[in-house]
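Shown next, in C-alpha cells, is the structure this report addresses.
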Amino acid sequence: MRKEEKAVPKGTVFFAKYIGIMVNFGEEFERFIDRITNDECDKINLCELIFDSYGGKCMKHIFSLRNKIVACILVPIIFIVVVGIIAYGKAKTGLSDKYIESTLGTLDMSTEYMEMLTKFLDAEVTSYTIESEITSYVIGLFDSDPLEKRDVFDKYKMSLSTAKSMNPFIANMHIITPAGVNVITSVSSDSVNGMFKEYLEQIKLDDYGRNIKNWVDKHELLDNATGLGSNSKNAYFISYQKISNSKSYIVTVDISEAAMIQLLDDINIGEGGIVGMVTADGKELLMSDSGQTENVFAGTHYYEAARTRLAENEELSNGYQEIKFGGKDMIFMYSVCESSGIMVCGMIPKSFVVGQASSIRNITFMVVALALLVVAVFGSFIIIGIQGNMKNISSMLSEVAKGNLTVSVKAKGKDEFSGLAESANDMIGNTRGLVEKVNSAAGDLSESASALGSASEDLNVCSADIMLTVNNINDGMERQSEYALDCVENTQKLSDNLEDVSRKIEGISVVIKSAEAMITEGMGKIKELGGSAQQTIDATNLVSDSIESLRKESEKINEFVTMITDISSETNLLSLNASIEAARAGEAGRGFAVVAEEIRKLADSSADAAREISNNVDIINEHTNESVNNAVYAGNMVQAQSEIIDDTVKMLEEMQTHLEQLGKEIDVINAAMDNASKQRDQTVTAVESISGIIDETANNAKQVFAATTKLESNVTRLNETAGALNENMQELKDEIAVFTV
C-alpha cells in the first residue's frame, strides 16, 4: 500500500517560492553591483540593468495582486540599492579626489622646496662667477708669483669644501678652468688640469645657443678627470652650472643623490606607492625602498603625455591621470619644478584610494538581503489573507452586479478589508436608496427637460448679439496694432541715428587718448633730452677745467725751460773757464780741454732743446686758450638748448591739459548719449508692450468669437438633447425596474 502523502500548506509553498526568488535575486544583485562598480554606469541604462537583473523573472502573472504587492514592497528596496550605488560612487569619487588633492599638495611642497634650493644654488654659484680674484687666477695674473697663486687656489678650494659641508644637498663643487690652470674642486685631488674649452664642447647650450644649459644630468669629462665616476660616496643626481661673467671659467654644483633620495623617502603617498623624480633630460631617481630596478616614469607614455600637457599649458604645474602599470589600475600624479625642469612623480594603486568605499557596497548588499528575507516571510502571510478576503468580497459584488441589492458583504480580520466590506455594504444600501430615488425623480426630470428647451432658444439669441459686438472690437484692435507698429519703426530709426553718433564720439575719444599718450611719450623724450643737455653742460665745464689745468702745467714747463736755459749758460761759462785752464796747463791739460769742449756742446744742445720746448709750449698755450673759448661757446649753446627744451615741455603740458579737458567733455557727451539710448530702449519696450497687449486683446476677441460660435452650436445640440432626454427617461424607468430592493 502506498503511503499517503501529506499535503503541503499553501503558505509554505508560497514562502519557499519567494525564498528561491530571493536567492536568485541575490545572485543577480551581486552581478548588478559588479557591473555598476566596474565603471559601466555611463554605458548602460540603470532601469534596463535592473530589469535584466530581476524584472525578467517576475514577468509571469505580472498583473496578479500578489505580484503587484511584491513589486510595491521591492520598489523601496530597489531605491535602497540605488542609494547604496550612488553613495558608493560619491564616496569613491570623493575619497579619490581628496587623496589626489592632498598628494598633489605634498608633491608641490617638494617642488617648491627644490625651487628654493635652486635659488640658493644660483646665489651660491653666482658669488663665484663674479669673483675678480678667481678671474685673475684663471687668466694667469698670479703666474709671476707662484706662492700667491697657491694661496688663491687653497682659499677657494677651502671655500668650496665649506659650502659642501654646510649643505647636505651639495655633493661636490668645481671651478672648471682653462688648460694649464688647475681645476678648483671640493674633491680631494688638487692636480686636475683645466678643461674649459673641452668641457664647453661636450655640455649642452640653452635653447638659444648663446649660453650654457644650467642643469645637466652628467659631466663625464669632469668625472673622469676628478675620479668621481668610480667614487659612490660623492655620487650626484644632477648638476647646476653657470659660466662666469668674464666667460673664462664655469662653476658647477653637483646635487647629492643621497639627499634627493632622502627627500623622496619623506614623501608618503600610501601603501604600495612609488615616488620618484625625473630630470628634463630623462634621468630617473626612485625612493630607496621602491624595489624597482627599471624606469617607472621616464620614457613611459603617461610621463611623456604629462610633459606635453605641462608644455602646452604654462599655467599648469601639476596633474594626474589613471593608468595601467604591472597589470593594475594605478593613479599617476606629478608636479614639476619650473626652474630645474625636474618632475616629482608619484604612483599609487587605485584600489588603495577607493578601498574604504567598498564597505558601503558590502553593507548595501547585506541590508538588501535582509530586507528581502523579511519581505518573503511577512509578505506570504499578508498576501494569503488578502486573497481570501478578496475572494469573499468579489463573490458578493458579483451578486450585486446581477441586480440583487439585498446581499451583505463580510471580511475576516480587522484590517482595511473589514472597512472595505463595511463600505461595500454601505454602497449596496446607498445604491438601493438611489434606485428608489431615481425612480421617483424620473418624472420631475421630464418636466425639467421641457424647460431646458425653452432656455436654449433664449441662449441662441444672446450668442448672436455677442458675435456681432466681438467682430466690431476685433476690427478696432487691428487698426491700433498697425499704428503701434509704425511707432516702433520710427523709434528704431531714431535708435540707429543715436548709435551712429555714439560710435563717432567713441572714435574721437580714442583719438584724444592716443594724442595724450603721444604727448606724454614726447614729454618723456624731451625731458630725457633736457637731462642729456645738462650732462653735456657738466661735461663741457669739466673740459674747460681740464684745459685750464693744462695751461697751468704749461706755465710750469716754461719755468723748467728757463731753469734749463740758465743752467746751459752757466755750463758754457764753466766750459770756457775749463778751456782756459787747460790751455795754461799745456800738454797735460789737453784731455781736460776735450772734456770741456764736450760739456760746451752739451750745454748748447740743452739750450736748443729748451728753446724748442718753449716754442711747443707757446703753441700748446695758443691751442689751449682756443679750446677754452670753444668750450665756453659750446656751454652757452647747450644752455640755450636746455631753455628751449623747458619751453617745449611747458607747451606740451598745456596741450595735454587742453586734451584732458576735451576728453572730459567728450565723456559727458557720451554719457548723455548713453542716457538717450536707454530712454529710447524704454520707449521701444513700452511701444512693443502696447503692441503686444493690442495683439493679445485681438486674439482674445477672436477666442471670444470662436467661443460664441461654439456656444451657438452647443445650444443647438442642447435643444436636440432636451428632446432626446424625454425619450431616455422612459428607458431609465424600464432599467431601474430590474433591481430588487
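The values are calculated or read from the model by the stated rules, or taken from the named source; none is laboratory data. Predicted, not measured: the structure shown is a model, and the values here were computed from it. A quick note on method: Cβ atoms are made from the backbone with ideal geometry, for glycine too, and the neighbour counts reach across all protein chains shown.
On the basis of being modelled with pLDDT of 90 or more and either under 30 Å from I382 (Cα atoms) or outside any helix (DSSP H, G or I) (or both), does L141 make the cut? Yes, satisfied. Looking at segment 177-192, is at least one residue part of a helix (DSSP H, G or I) and either closer than 27 Å to Q262 by Cα or without any contact (Cβ under 8 Å) to a residue 12 or more places away in the chain (or both)? For segment 177-192, residues part of a helix (DSSP H, G or I) and either closer than 27 Å to Q262 by Cα or without any contact (Cβ under 8 Å) to a residue 12 or more places away in the chain (or both): absent.
When restricted to residues that are closer than 23 Å to S239 by Cα, surrounded by fewer than 20 Cβ atoms within 10 Å (Cβ to Cβ) and among the small types (G, A, S), segment 312-345 contains 3.
The single condition among (1) touching a Phe, Trp or Tyr at 6+ places or on another chain (Cβ under 9 Å); (2) at pLDDT 90 or above that D281 does not satisfy is (2). The set of residues in segment 298-343 being in contact (Cβ under 8 Å) with a residue 12 or more places away in the chain and of a type in the set (K, R) consists of R307, K328. Sort out which residues of segment 619-641 are over 14 Å from S554 (Cα atoms) and without any contact (Cβ under 8 Å) to a residue 40 or more places away in the chain, and write them in order of number. Selection gives E626, N629, N630, Y633, N636, M637, A640. For segment 257-280, the tally of residues that are of a type in the set (G, A, S) and buried (at least 22 other Cβ atoms within 10 Å of the Cβ) stands at 1.
Within segment 306-325, the presence of a residue that is closer than 30 Å to I261 by Cβ and in contact with a Cys (Cβ under 6 Å, 6 or more places away or on another chain) is excluded. Does Y249 qualify as being modelled with pLDDT of 90 or more, within 39 Å of the chain's Cα centre (by Cα) and aromatic (F, W, Y)? Here the answer is no, as Y249 does not meet what is asked. Tallying residues that are farther than 15 Å from D97 by Cα and in contact with a helix residue (DSSP H, G or I) (Cβ under 6 Å, 6 or more places away or on another chain) within segment 330-341 yields 5.
Scanning segment 293-306 for residues that are exposed (fewer than 13 other Cβ atoms within 10 Å of the Cβ) and more than 28 Å from the chain's Cα centre (by Cα) turns up T293, E294.
Does any residue in segment 65-91 that is among the basic types (K, R) come within less than 9 Å, Cβ to Cβ, of a residue that is at pLDDT below 70 and outside any helix (DSSP H, G or I) six or more places away or on a different chain, and which pairs are these? Going by the 9 Å Cβ cut-off, the qualifying pairs are K68/I62. The requirement of being touching a residue at least 40 places away in the same chain (Cβ under 8 Å) and over 30 Å from D475 (Cβ atoms) is not satisfied by N675.
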